[in-house]
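The structure appears right after this line, and notes come after that.
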Number of protein chains: 2
Amino acid sequence: MLNWKNLDTLAAWKNLLALKDKVKLPEVMAGAEGARRVAEYAVPMAAGLTYNYAAKAVDGDVLDALCALAKEAQLTEKYEALYSGEMINTGEKRLVLHQLTRGQLGKAVVVDGTDKRAFYTAQQEKAAAFAQKVHSGEICNAAGEKFTTVVQIGIGGSDLGPRAMYLALENWAKQEGLQKMEARFISNVDPDDAAGVLKGIDVAHSLFVLVSKSGTTLETLTNESFVKDALRKAGLDPARHMVAVTSQTSPLATSSDYLAAFFMDDFIGGRYSSTSCVGGAVLSLAFGPEVFQRFLDGAAAEDKLATEADPLKNAAMLDALIGVYERNVQGWPATAVLPYSQALSRFPAHLQQLDMESNGKSVNRFGEPVDYVTGPVIFGEPGTNGQHSFYQLLHQGTDIIPLQFVGFRQNQAGMDVEIQGSTSQQKLCANVAAQIMAFACGKQDANPNKNFAGGRPSSIIVGDRLTPEALGALLAHFENKVMFQGFLWNLNSFDQEGVQLGKVLAKKVLARETDGALKAYSDLLGI
Amino acid sequence: MLNWKNLDTLAAWKNLLALKDKVKLPEVMAGAEGARRVAEYAVPMAAGLTYNYAAKAVDGDVLDALCALAKEAQLTEKYEALYSGEMINTGEKRLVLHQLTRGQLGKAVVVDGTDKRAFYTAQQEKAAAFAQKVHSGEICNAAGEKFTTVVQIGIGGSDLGPRAMYLALENWAKQEGLQKMEARFISNVDPDDAAGVLKGIDVAHSLFVLVSKSGTTLETLTNESFVKDALRKAGLDPARHMVAVTSQTSPLATSSDYLAAFFMDDFIGGRYSSTSCVGGAVLSLAFGPEVFQRFLDGAAAEDKLATEADPLKNAAMLDALIGVYERNVQGWPATAVLPYSQALSRFPAHLQQLDMESNGKSVNRFGEPVDYVTGPVIFGEPGTNGQHSFYQLLHQGTDIIPLQFVGFRQNQAGMDVEIQGSTSQQKLCANVAAQIMAFACGKQDANPNKNFAGGRPSSIIVGDRLTPEALGALLAHFENKVMFQGFLWNLNSFDQEGVQLGKVLAKKVLARETDGALKAYSDLLGI
């Protein structure tokens, strides 16, 4: 039997609370002990990645307490329950099966006679076959010409994840000669979004992927109409230019408006859908199904590592535990995600959704208010750009913000120059190493403006190169971290009721069924 | 004489502290009182914008206390001192003159015999004349062909602001027939950044604007070499393709490597430089000098409004005061910037730098530690996208995050579709109105998962359309807000010593002068 208990009712939690401010980073990261920590505080991940937490404010005592907490909170057992098909999403009464889109971790999960792993795989294969026909020219426009551009129309999880993944692999794919089609994304209901994208592409050679699980998402349907309008004005038949990614029960599933439809289901939340057809269709079209499969393989390998019960051998679990220590024991309100890789420019925006939408909750999985803080604010930009921007506050601001670095030893595009004795890639890597130490140890200076207190914790995930496998592992790491944190906080990380009220009120505004301040705001905005 | 005093030594501050949790938004925003607040709690801004703070947790008592605080902190007098040329940047012993790039607010500021307003204007005129010659073809490539693309090479303030401004006006300029050249941006030392941009442009028809005040910025010089390398490989002479924006004393100022050089100086901080030649060169090339001038005019008009001593008639000052109330009295750690305009997609990233780099400090302008929190974390994404992402935490998370909305009644591109009785633009505006009310008032629900406590404050800046003037006013508003907050916290908002230590350590890494943990990290990253 699983114990779904609030964090503050656990015995291990009380032990952890006593360890507030236990570790002084400027002390432990100095000299030989610092070097020892870098060597020892490391967990291997999939695809050759390593999670290094030497510069986190933990030591043997804190780690022991975190391991005890993991055990008492039954993190491994809860993960097993999740991937084995228990109803973990209690709010919406749904299973949580996104891991099955990339691998089979436990026993088969069969729902209404359907093996879900087989179902997800079949959809991916359908999308792969479709992509190959597009690439070969078998599926083409009315003039018999190949499609050169794929445009994803979706919002939230149907946009941020796939967009971040596309950008992450675009330079790599071009370098490897694997780019098949350019990809663009339309998300915002602001008509300037679709207008801007449409001005930059050749619609006659563009294929549009409409992504909406319910088939009723306001922004997505509106943008679909916008695009269809543009296609018709260009003398084209929209039905020859559109495919749908949706659920089998949605109105889009059987519509003749689409060349094809690929299916997801209610057991895959939008923010966890990059490895389903939601990411699969656009990424297979852009880079080919083989690249998408490599991405899935990286994620599957990382999912498997997350089944390890010992947190010291399980990067996602340890990252989650340290995050809870920082948030609930140390009281730090935000976490910055800082990839030293331009390819990961939108990865922080994806993690922002993944984390804040999953764990930005005030009631536990039984609907009872919790007496502790839950999900932090997540934000970030690529390094070294951020160094010239908000790092000032990270170094010398009055709040401590824990940091999550990501770095790679090699670049993607294979172009580099050597200046003043080092390459750009070396400069990039030197900066991330330097920042970690600057944050951890600071520097005493007689000029208080130039004084750095240090004590600002960070971890880093390091890899050789941002390949599809590494990207998949990176994505799964954070998905699993968020999942483990949800278990620790005893939340339902898989619903998002907090976004509903705004939708209801927006409908009222459009129907002119408002009074009081809502009417006043509607007038102010000229509606 | 100006009193530069810490916030917590002011009498008005103690009165304000007593007003914690004074206003219950779900109560005051309901019914007729809510409508009255929307009508009354509004401050006109430049370019037809309005700052509406009806949904902020303030009332007459709080506003009275804030007005008293503004007076005691001498906000108006300090602003006057700044634009009149006093040495406000005490750390670096510099004047702070970015407002002079767009207008003359007070007496002439003369330094070493040079009228600074005349100096900045002359540089803008030089850039304008250059841009016109490029547009006419008088300045062209070696083959006598026109340049079609401008690429800004800069980082931090030389990148984020100009990039955000370019993206903000791109759709507008295309619609108005005013787009002269496409613009791209290279910033990161990660070689994949430059490689990605270079793959997407035609270098033979590209003009590169190298921006570095000191002429020594590592990333920028490295990317310059990268680009020169690419130009040479394409058989082109780099000196025919590059201009510099720098200070007169920098090594770039007189180099024959550039077609032209436009100057800024030490009195304009990078994050305040969008209205100097740092933004002026690229924006004048992209859209023409007339458009850049309209942007300056909007900023100048807003600067003028910020001289108003009554905070209730001064949007930037009031925004600053309410922000300090939220940060220091209510104890809220972050602020989200939420523009309902896809054109402002990178505006939050610019404000993140502007705010966090200016006020992320722990010592006051005299170098003494302050006993209160200063600058918050700033983050944000455009709506409606954010609604499908991190808004879950904003609505139902355990921390309250104050919100800054921006919205426009009309779109930029002039393309729209009507679906289900409303246009995309109406849907966009309906959503922002709905969100403000959902955050403020929440909604009782027997299902605790669907219960919204409300009490989450927001303000909105509303305008007709995002024009160059409106953008200038918006930018100046936030610059001035940050300035006033710096005065309230008694900080020097115009230096950034917190970014120096990392640079020093990175140099050591590249020189292999490391030991201990820094060497261990360098090894880990393969340097």
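The residue that is surrounded by the most Cβ atoms within 10 Å (Cβ to Cβ), among those in segment A:470-503 that are of a type in the set (S, T, N, Q) and either more than 8 Å from chain B (Cβ to nearest Cβ) or within 29 Å of B:K427 (Cβ to Cβ) (or both), is A:S493. Report yes if B:M165 is in contact (Cβ under 8 Å) with a residue 60 or more places away in the chain, within 21 Å of A:H388 (Cβ to Cβ) and more than 14 Å from chain A (Cβ to nearest Cβ), otherwise no. The answer is yes for B:M165.
Just checking, does segment A:46-60 include any residue being farther than 30 Å from A:V432 by Cα and among the hydrophobic types (A, V, I, L, M, F, W, C)? Looking for residues that are farther than 30 Å from A:V432 by Cα and among the hydrophobic types (A, V, I, L, M, F, W, C), one finds none in segment A:46-60, hence no.
Output yes when any residue across segment A:400-421 is outside the structural domain of A:M165 (by TED's automatic domain parsing), closer than 16 Å to A:L49 by Cβ, among the small types (G, A, S) and under 21 Å from the mean Cα position of the chain (by Cα), and no when none is. Looking through segment A:400-421, at least one residue is outside the structural domain of A:M165 (by TED's automatic domain parsing), closer than 16 Å to A:L49 by Cβ, among the small types (G, A, S) and under 21 Å from the mean Cα position of the chain (by Cα). In segment B:141-160, the condition of being over 24 Å from B:F484 (Cα atoms), touching a Cys at 6+ places or on another chain (Cβ under 6 Å), in a loop (DSSP other than H, G, I, E, B) and not assigned by TED's automatic domain parsing to the domain that holds B:S358 is met by at least one residue.
Could you tell me whether segment B:504-516 includes any residue that is within 22 Å of B:F267 (Cβ to Cβ) and at the interface with chain A (Cβ under 7 Å from one of its Cβ atoms)? The answer is no; no qualifying residue exists.
Criterion applied to A:G454, A:G463 was being surrounded by fewer than 24 Cβ atoms within 10 Å (Cβ to Cβ), modelled with pLDDT of 95 or more, within 12 Å of chain B (Cβ to nearest Cβ) and at positive phi, and the one residue passing it is A:G454. In segment B:317-345, the residues that are assigned by TED's automatic domain parsing to the domain that holds B:K22 form Cβ pairs under 6 Å with partners that are among the basic types (K, R) and at pLDDT 95 or above, at six or more places apart or across chains, as follows: B:D319/B:K481; B:A320/B:K481; B:I322/B:K56; B:V329/B:K20. The set of residues in segment A:346-370 being charged (D, E, K, R) and in a loop (DSSP other than H, G, I, E, B) consists of A:R346, A:K361, A:R365, A:E368. Of the residues in segment A:152-169, none is surrounded by fewer than 22 Cβ atoms within 10 Å (Cβ to Cβ) and of a type in the set (F, W, Y). For segment A:59-91, a residue qualifies if it is at pLDDT 95 or above and touching a helix residue (DSSP H, G or I) at 6+ places or on another chain (Cβ under 6 Å), and the qualifying residues are A:A65, A:L66, A:C67, A:A68, A:L69, A:A70, A:E72, A:A73, A:L75, A:K78, A:Y83, A:I88. Evaluation of A:N188 against the conditions (1) modelled with pLDDT of 95 or more; (2) within 9 Å of chain B (Cβ to nearest Cβ); (3) in a helix (DSSP H, G or I) shows that the sole unmet condition is (3). Figure legend. Inter-residue proximity from segment A:178-204: first residues touching a residue at least 40 places away in the same chain (Cβ under 8 Å), second residues assigned to a loop (DSSP other than H, G, I, E, B) and among the hydroxyl-bearing types (S, T, Y), beta-carbon distance below 8 Å, spacing 6+ or different chains. Indicated pairs: A:M181/A:T148; A:E182/A:T148; A:D202/A:T148.
Listed by first and then second residue, the pairs linking a residue in segment B:379-401 that is facing chain A (nearest Cβ under 7 Å) and closer than 17 Å to A:V189 by Cβ to a residue that is of a type in the set (A, V, I, L, M) and in a loop (DSSP other than H, G, I, E, B), with Cβ atoms under 6 Å apart and 6 or more places separating them unless they lie on different chains, are B:T384/A:V189; B:H388/A:I155. Candidates are the residues of segment B:405-424 that are facing chain A (nearest Cβ under 8 Å) and surrounded by 24 or more Cβ atoms within 10 Å (Cβ to Cβ); the one that is nearest to B:Y41 (Cα to Cα) is B:G407.
Of the residues making up segment B:347-367, not one is surrounded by fewer than 22 Cβ atoms within 10 Å (Cβ to Cβ) and more than 10 Å from every other protein chain (Cβ to nearest Cβ).
What do you reckon, is B:A73 of a type in the set (A, V, I, L, M, F, W, C), in contact (Cβ under 8 Å) with a residue 60 or more places away in the chain, touching a strand residue (DSSP E or B) at 6+ places or on another chain (Cβ under 8 Å) and surrounded by 15 or more Cβ atoms within 10 Å (Cβ to Cβ)? No; evaluated as a whole, the condition is false for this residue. Among the residues of segment B:304-317, just one is in contact with a Phe, Trp or Tyr (Cβ under 7 Å, 6 or more places away or on another chain) and surrounded by fewer than 20 Cβ atoms within 10 Å (Cβ to Cβ), namely B:T307. Look at (1) of a type outside the set (S, T, Y); (2) within 22 Å of A:K174 (Cα to Cα); (3) facing chain B (nearest Cβ under 7 Å); (4) surrounded by fewer than 23 Cβ atoms within 10 Å (Cβ to Cβ) and you find that A:L428 fails only one, number (4).
Taking helices (runs of 4 or more DSSP H) as the structural unit, those lying wholly within segment B:24-140 and holding at least 2 residues that are within 14 Å of chain A (Cβ to nearest Cβ) and of a type in the set (G, A, S) correspond to B:31-40.
Restricting A:A301, A:A343, A:A320 to those that are crowded, with 23+ Cβ neighbours inside 10 Å and under 30 Å from A:G60 (Cβ atoms) reduces the list to A:A320.
The values are calculated or read from the model by the stated rules, or taken from the named source; none is laboratory data. Worth saying up front: this structure is predicted, and the values here are computed from it rather than measured. Cβ sites come from the backbone with ideal geometry, for glycine too, and all protein chains shown count toward neighbours.
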